[in-house]
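Here the structure comes first, spelled out in structure tokens, and everything after it is commentary.
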């Protein structure tokens, strides 16, 4: 079998990320209802199959699925580097999309030992975990990284919505962005699931040969511990969230040496954890 790098394989045409529906709207100003057309986000089952073994089914926006598969494989520790994903193939079916992935034999052997069979729902990263040890995996500690300048964080926050066409159309998607040290939004990805949006961003960024050494990630959601965990897994040293972090996210940020910022809104943000420079 000829190995084709995952980033070089075309993504097959699949279902759209939007749908048009007819709705009935009630407004208080006139106390009447009216019929109108609305645009809503699609939510689509996506199965990830590693070396012929089904591993997880996630509900996701059916776009950027190759990036999602790579990002998920990295952030869940299934592979350690992009080169361990040899091939991927998308198969769109009436009931959902199946992504067949071939990974290295060593990583596949490790995956089988985990004995995980997840059934994920939107925003749920733990469904089906067989034990507490599987639910909360250890995080690695990253090298020290300086906190982004306040102006950079504010600049990124001001730009984010401009890079979220699905959210602008539907109001139903999350966004994840990679930002430069000056706050320029360099890449964004969207999904109905916040974990999926981050995985798509990570997969897209690394597939193009980029690293996470300089800059920070900005997410349009709360910062749960899974978001910190996924960030640390690929070397993201600063995570900025539009909403609040959880206590477990803050604890994991301390362990992983990740700068964690929440409530990043125009004119305000809160530093929940700042890494300390080594002596």
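Okay, residues lined up against (1) in a helix (DSSP H, G or I); (2) surrounded by 20 or more Cβ atoms within 10 Å (Cβ to Cβ); (3) outside the structural domain of residue 114 (by TED's automatic domain parsing):
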{"position": "58", "(1), (2), (3)": "no, yes, no"}
{"position": "63", "(1), (2), (3)": "no, yes, no"}
{"position": "68", "(1), (2), (3)": "yes, yes, no"}
{"position": "73", "(1), (2), (3)": "yes, yes, no"}
{"position": "80", "(1), (2), (3)": "no, no, no"}
{"position": "86", "(1), (2), (3)": "no, no, no"}
{"position": "90", "(1), (2), (3)": "no, no, no"}
Practice prompt. Could you tell me whether residue 52 is in contact with a strand residue (DSSP E or B) (Cβ under 9 Å, 6 or more places away or on another chain) and either buried (at least 19 other Cβ atoms within 10 Å of the Cβ) or farther than 19 Å from residue 199 by Cβ (or both)?
Written response: yes
Residue hits (segment 42-56; at pLDDT 95 or above, in contact with a helix residue (DSSP H, G or I) (Cβ under 8 Å, 6 or more places away or on another chain) and part of a strand (DSSP E or B)) are 46, 48, 50
Of (1) out of contact with any helix residue (DSSP H, G or I) (no Cβ under 7 Å at 6 or more places or on another chain); (2) in the same structural domain as residue 88 (by TED's automatic domain parsing), residue 38 fails just (2)
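The values are calculated or read from the model by the stated rules, or taken from the named source; none is laboratory data. Worth saying up front: this structure is predicted, and the values here are computed from it rather than measured. Glycine gets a Cβ as well: all are built from the backbone with ideal geometry, and neighbour counts include every protein chain shown.
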